[in-house]
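Single-structure report; data block below.
The values are calculated or read from the model by the stated rules, or taken from the named source; none is laboratory data. The shown structure was predicted, so the numbers you read here are calculated from the model rather than taken from an experiment. In this analysis, Cβ positions are derived from the backbone assuming ideal geometry, glycine residues included, and neighbour counts consider all displayed protein chains.
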Amino acid sequence: MIGAMLLLVALVGIYASQAEAVGVLGSVGFFIALIGTALFVGATWDSIFFTPALAQAEPAFLDSDPTFLEIAGGVLSQGLLVGGLIVFAVSTLRARVYPQAAAVLLLVGAVVGAIPLPLTTIVFGVALAWMGVSLLTGTGAAAGPPSRVR
């Protein structure tokens, strides 16, 4: 959950430093990814704090099959998160503000991170860390002003 909360901050920082260069596509991807991440944080909060209390108070409730709304909410949340990150990563790659290899890792990490297996988010985390270091140190950015993505 802490990682997802930090992702909210990282997305804002990465977007702010390339907002003009990523254009409308990047802005849409950023906002969709931000909403998807916020929904993921909420679902994680629920799983950590609410579900255990509910399991003690009403265990039969958790044994029941999920409702259509629960399934739709999960699919929507995951879709917004992954879809937004993919669009944001593509626009970051096209903007050429960050190192291209880091942008490719961001894209690959967004896709692979959606696979519900252990350690699949490592690639995405490495990309974010690389971009964060690049942002903080001013290294690896394209020479000259970034070209606007259309």
- prompt: What do you reckon, is Thr37 within 16 Å of Gly109 (Cα to Cα) and of a type outside the set (Phe, Trp, Tyr)?
  reply: yes
Close pairs from the stretch 102-121: first farther than 14 Å from Gly79 by Cα, partner outside any helix (DSSP H, G or I) and among the charged types (D, E, K, R), Cβ under 9 Å, at least 6 apart: Ala103/Arg96
- prompt: How many residues, within the stretch 97-112, are part of a loop (DSSP other than H, G, I, E, B) and surrounded by 21 or more Cβ atoms within 10 Å (Cβ to Cβ)?
  reply: 2
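With the structure loaded, tell me whether Leu8 is at pLDDT 90 or above, surrounded by 16 or more Cβ atoms within 10 Å (Cβ to Cβ) and assigned to a helix (DSSP H, G or I) or whether it fails that test.
Numbers: at pLDDT 90 or above: yes; surrounded by 16 or more Cβ atoms within 10 Å (Cβ to Cβ): no; assigned to a helix (DSSP H, G or I): yes.
In short, no.
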message: Restricting to the stretch 113-125, and then to whatever is within 13 Å of the chain's Cα centre (by Cα) and among the hydrophobic types (A, V, I, L, M, F, W, C), can you tell me which residue is surrounded by the fewest Cβ atoms within 10 Å (Cβ to Cβ)?
response: Ile122
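Any chance you could count how many residues in the stretch 7-28 are under 10 Å from the mean Cα position of the chain (by Cα) and closer than 24 Å to Gln100 by Cβ? Spell out the reasoning first.
Applying the first criterion (under 10 Å from the mean Cα position of the chain (by Cα)) to the stretch 7-28 yields 7-8, 10-11.
From the residues that got through so far, the ones that are closer than 24 Å to Gln100 by Cβ too are 7, 10-11.
Total satisfying the criteria: 3.
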task: May I ask you to list pairs of residues, at least six apart or on different chains, whose Cβ atoms are under 6 Å apart, with the first in the stretch 12-29 being more than 12 Å from Ala95 (Cα to Cα) and in contact (Cβ under 8 Å) with a residue 12 or more places away in the chain and the second being among the β-branched types (Val, Ile, Thr) and assigned to a helix (DSSP H, G or I)?
output: Gly29/Val87
- request: Give the number of residues within the stretch 45-96 that are within 20 Å of Gln18 (Cα to Cα), in a helix (DSSP H, G or I) and in contact with a Pro (Cβ under 9 Å, 6 or more places away or on another chain).
  value: 1
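Regarding Leu81, is this residue under 17 Å from Thr121 (Cβ atoms), of a type outside the set (S, T, N, Q), surrounded by 11 or more Cβ atoms within 10 Å (Cβ to Cβ) and within 10 Å of the chain's Cα centre (by Cα)? Even if it seems obvious, please write down each step before you answer.
Working: under 17 Å from Thr121 (Cβ atoms): yes; of a type outside the set (S, T, N, Q): yes; surrounded by 11 or more Cβ atoms within 10 Å (Cβ to Cβ): yes; within 10 Å of the chain's Cα centre (by Cα): yes.
Answer is yes for this residue.
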